[in-house]
Amino acid sequence: MPNTTIPEPEDAKKWFTSDTKFNHLYPASIQMMARRHWTPLHTAYKAANFLAAENGVKILDIGSGVGKFCLAAACYKPLSFFYGVEQRKQLVNYANEAAEILSLENVSFIHSNFTQLDIKPYDHFYFFNAFYENLVDTARIDESIDYSGELYNYYNRYLFKLLDQKPAGTRLATFHSLEDEIPRSYHVVDTDADNLLKCWIKV
Ligand SMILES: C[S@@+](CC[C@H](N)C(=O)[O-])C[C@H]1O[C@@H](n2cnc3c(N)ncnc32)[C@H](O)[C@@H]1O
């Protein structure tokens, strides 16, 4: 991991001293899933800087979980807006509670399957391999939803089409992606975290 110094947002300073500290915004059951399911702060910082290269842009995290990427990114880039869409209501509740503790006004969470969301208003996207839970039967978040290979393919194709429709200049940051949801018009311009984080721009 490169030795980048991450500036600590003034208002929420104490929560950003480490991932362990940040994860204490959530209940113990959620903290235990962090290593596998929630974006590390260093990666959120890198991705936020890439996605919010201009002030005022709207960034959507597709499958936002308990909101860790959006919350950290919103602190690091206070002049941009971060939105998360998440299918599990309880995780959206945890994300909103954390946003309140951090007193953030440039972050918002939507309870929905991403296939039901109009993504036209969003400029750039973050994607942490959200559909992978359909391919493995270990360390799932819970058993509250259906999983299948068919769903994985359906979501992947759906996201591919959405990304394909966005204009040139659209930015995408992927973490742990298998890359089959990314149209060829997106090109890698930077990587981090041993290539697990990839930054793409549509040409
Ligand atoms: C690996 S977690 C990433 C969480 C968050 N993006 C982060 O980086 O901390 C993926 C999340 O995507 C959600 N997800 C999976 N498929 C989804 C779908 N079709 N619509 C909305 N959310 C989905 C899961 O419920 C899970 O919370």
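The values are calculated or read from the model by the stated rules, or taken from the named source; none is laboratory data. On a predicted model such as this, the values are computed, not experimentally measured, just so you know. We place every Cβ from the backbone using ideal geometry, glycine too, and count neighbours over all the protein chains shown. The area values use the complete protein model at the heavy-atom level, side chains included, leaving out ligands, DNA and RNA. Shrake-Rupley method; radii C 1.70, N 1.55, O 1.52, S 1.80 Å.
What size of dipole, in debye to the nearest 20, comes out for region 54-122 about its Cα centre when the only charges are +1 on Lys and Arg C-beta atoms and -1 on Asp and Glu C-beta atoms? Intermediate values should be presented prior to the final figure.
On the way: 6 positive and 7 negative charges, 29 e Å.
Computed charge dipole of region 54-122: roughly 140 debye.
Of T39, T191, which has the most accessible area with a 1.4 Å probe, and how do the rest follow in descending order?
On the way: T39 5, T191 55 Å².
Sorted by accessible area, descending: T191, T39.
Would you work out which of A44, F128, Q90 lies farthest towards the positive end of the dipole of region 28-202? Charges go on Cβ: Lys and Arg +1, Asp and Glu -1.
It is A44, whose Cα lies furthest towards the positive end.
Given the chain, what percent of its DSSP beta bridges are antiparallel, to the nearest 5?
Approximately 40 percent, going by the DSSP bridge assignments.
For the pair V203 and H187, how long in nm is the line joining their label points, each one 7 Å along Cα→Cβ?
That separation, rounded to one decimal, is 0.3 nm.
Any idea how far apart E143 and D194 come out in nm if each label point goes 7 Å out from Cα toward Cβ?
3.2
Whenever you get a sec, line up R140, R157 from highest to lowest accessible area (probe 1.4 Å, protein heavy atoms).
Values: R140 65, R157 110 Å².
Greatest to least solvent exposure: R157, R140.
Quick one: in the chain, what % of C-alpha pairs are over 31 Å apart?
Values: 2409 of 20503 pairs.
When all Cα pairs of the chain are counted, 12 percent exceed 31 Å.
Give the residues of region 112-147 whose amide nitrogen is closer than 15 Å to a point set 7 Å from the Cα of H176 in the direction of its Cβ.
127-142
May I have the convex hull volume per residue, in Å³, for the Cα set of region 52-160? Please list the in-between numbers first.
Values: hull volume 11.0 nm³, N = 109.
Taking the convex hull of the Cα positions in region 52-160, it is 101 Å³ per residue.
Rounding to the nearest 20 debye, state how big the charge dipole of the chain is about its Cα centre with +1 on each Lys and Arg Cβ and -1 on each Asp and Glu Cβ.
In total the dipole reaches around 280 debye.
Strictly over 22 Å apart at the Cα level, which of K68/K161; K21/K68; K68/K202; K46/K77; K46/K202 would you flag in this model?
Values: K68/K161 26 Å; K21/K68 12 Å; K68/K202 25 Å; K46/K77 11 Å; K46/K202 19 Å.
With Cα atoms farther than 22 Å apart: K68/K161; K68/K202.
So for the chain, taking the charge dipole from beta-carbon charges (+1 Lys/Arg, -1 Asp/Glu), which of N156, S103, A73 sits furthest toward the positive end?
Farthest along the dipole direction, towards plus: A73.
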